[in-house]
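Input: a single structure, listed below in structure tokens.
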Amino acid sequence: MLAEIVGHEAPLRVLRRAVATGRVHHAYLFVGPPNVGKTLTAIQFAKVLNCQRHATFADEAEVECCDECRNCHGIEVENHPDFRLLRPMTGLAGRGDGDDDDTGEDEALLEIEGSLITTGRIEGLVASASLKLSRARRKVYVITSAEAMNKEAANRLLKTLEEPPGSTTLVLTTAHPSRLLPTIVSRCQVVNFHPVPLATCESFLARRFPQAEAAQVRTVAGLCGGRVGWAYRLLQHPKVLELREEVIGWCLGLKTMEQVECLRLGEQIVGTVERWWQATATDKEVAEKALKQARDRVLRTVFPEILDVLSSWFRDLALAGADPGAPQIINQDHLAELQHQAPLYSPAACRKVVLHIEELRRQLRQNANVRLAAEVLALRMLTA
Ligand SMILES: [Zn+2]
């Protein structure tokens, strides 16, 4: 339901108004940081456009779906003839980079670093857009991380955007609108999503995870930087929270480690990245297969999550050094340790580590060797 979406009042207003006034566009571009709620909103929007219980609305405040009818359910579980959700995917086992026709056959598909949306998949989508509606009022096709379309795929999609089939709405999502063809952007109604405010994240997470400790919820809300979907996933996987503790454990031990231990610490970092991947996998078997077949890409996909933890830690150390009770401190559940360790680091040293981490993120997107990256990171932390 649209009511489940938190912190995006402005985008919801745009969509609700379009539905209430019967002026739904043929193409939308949802722009905003990853895991902020763009895809979730697109799915709920598709349901609203096709809900069998709610079809007309007296005013925009009423615009909602039921979540129970056949259309709502089919869209929710991504099994509806008039709804498609295309993500950049990499196919495992021999058929190349996501080069499938999106038929959902046996082949395992994974969304990992460097995955693409290929021409074949866009062509499949375009072909089905021209077919008659099956049981929806409006076809909705969602393309997430649309910047992952290769050039040919983007051009193929552009043709459809130029002459959109009558009752079809396309929703493209992206965190990087500048990587899209300007001609695609100009044909879409752009809807901007912003990071969800900290207090909104925190109250949402506290409602969803009533059994979690308040300090932990506050920490995760702070860590997520407004990406509420990311925070949700973290709390959903308690194993990941244990891994975060492990990462903080290294940080606490840095000052008693020798520089020569950086190789061992690098190895530990890689091991934790690997277990982070396993812990968040929905299908363990596929996750293992991916590790075997595309180990480096898999690790590069998950590494940034650990970098988030490390970066927040060093940022907190600098904050705690200046003001031990600073409200901006993210790792509130380790406040006493932060206060204890802060005098051991200079603000400049902390800043250097944070900057190195940012540089590392960039390198990881450009195929950096994971093992080497982890060792250099370990050395930077040990010499901070
Ligand atoms: Zn419904």
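Net length available on complete extension from Glu62 to Arg138 is 25.4 nm, with 0.36 nm assigned per residue and the Cα-Cα distance removed. Evaluated with a Cβ-only charge set (Lys, Arg +1; Asp, Glu -1), the chain carries a dipole of roughly 860 debye about its Cα centre, given to the nearest 20.
For the chain, relative contact order (Cα pairs under 8 Å, six or more residues apart, normalised by length) works out to 17 percent. You can think of it this way: the chain between Arg13 and Asp323 has 107.6 nm of extra reach, that is 0.36 nm per residue less the Cα-Cα gap. For His194, project a label point 7 Å along Cα to C-beta. Then give me every residue of segment 147-182 with its amide nitrogen under 20 Å of that point. Only 174-178 fall inside the zone, counting backbone N under 20 Å.
Loop-resident GluC sites (Glu not before Pro) (DSSP state other than H, G, I, E or B) in segment 194-281 with no more than 14 further Cβ atoms inside 10 Å of their Cβ: Glu213, Glu258.
For segment 277-379, the dipole from Cβ point charges (+1 on Lys and Arg, -1 on Asp and Glu) about the Cα centre works out to 520 debye, to the nearest 20.
Give the residue from Leu252, Thr280, His356 lying farthest towards the positive end of the charge dipole for segment 237-382; charges sit on Cβ (+1 for Lys and Arg, -1 for Asp and Glu) and the dipole is referred to the Cα centre. The residue sitting farthest along the positive end of the dipole is His356.
Under 5 Å between amide hydrogens, built in the peptide plane, is the criterion, and for Thr90 it picks out Leu110, Glu111, Ile112 among residues at least 5 positions away or on other chains.
Fewest-first ordering of Ile143, Ile43 by other beta carbons within 10 Å of each residue's beta carbon gives Ile43, Ile143.
Once the Cα-Cα distance is subtracted from the 0.36 nm per residue extended length, the Lys284 to Asp296 segment shows a gain of 2.5 nm.
Structure note, pairs Lys38/Lys239; Lys255/Lys292; Lys289/Lys352; Lys284/Lys352; Lys38/Lys159: Cα-Cα distances above 28 angstrom occur for Lys255/Lys292; Lys289/Lys352; Lys284/Lys352. Net charge dipole, segment 2-192: roughly 780 debye, given to the nearest 20, about the Cα centre with Cβ charges of +1 for Lys and Arg and -1 for Asp and Glu. For segment 186-191, backbone phi angles converted through the Karplus equation (6.51, -1.76, 1.60; θ = phi - 60°) give residue-by-residue couplings of 5, 8, 10, 7, 7, 10 Hz, Gly and Pro being listed as x. Amide H to amide H distances under 5 Å link Gln189 with Ala27, Tyr28, Leu29, where only residues 5 or more positions off or on other chains count and H is placed in the peptide plane. Between the alpha-carbon centres of segment 144-175 and segment 225-287 there is a gap of 36 Å. The alpha-carbon positions of segment 148-212 define a convex hull whose volume is 143 Å³ per residue.
Taking only the alpha carbons of the chain, we obtain Rg and Dmax values of 22.5, 70 Å in that order.
We did not get these values from a lab; they are worked out from the coordinates using the rules stated. Quick caveat, the model's predicted, so the values are computed rather than measured. All Cβ positions, even for glycine, are placed from backbone atoms using ideal geometry, and neighbour counts span all protein chains on display.
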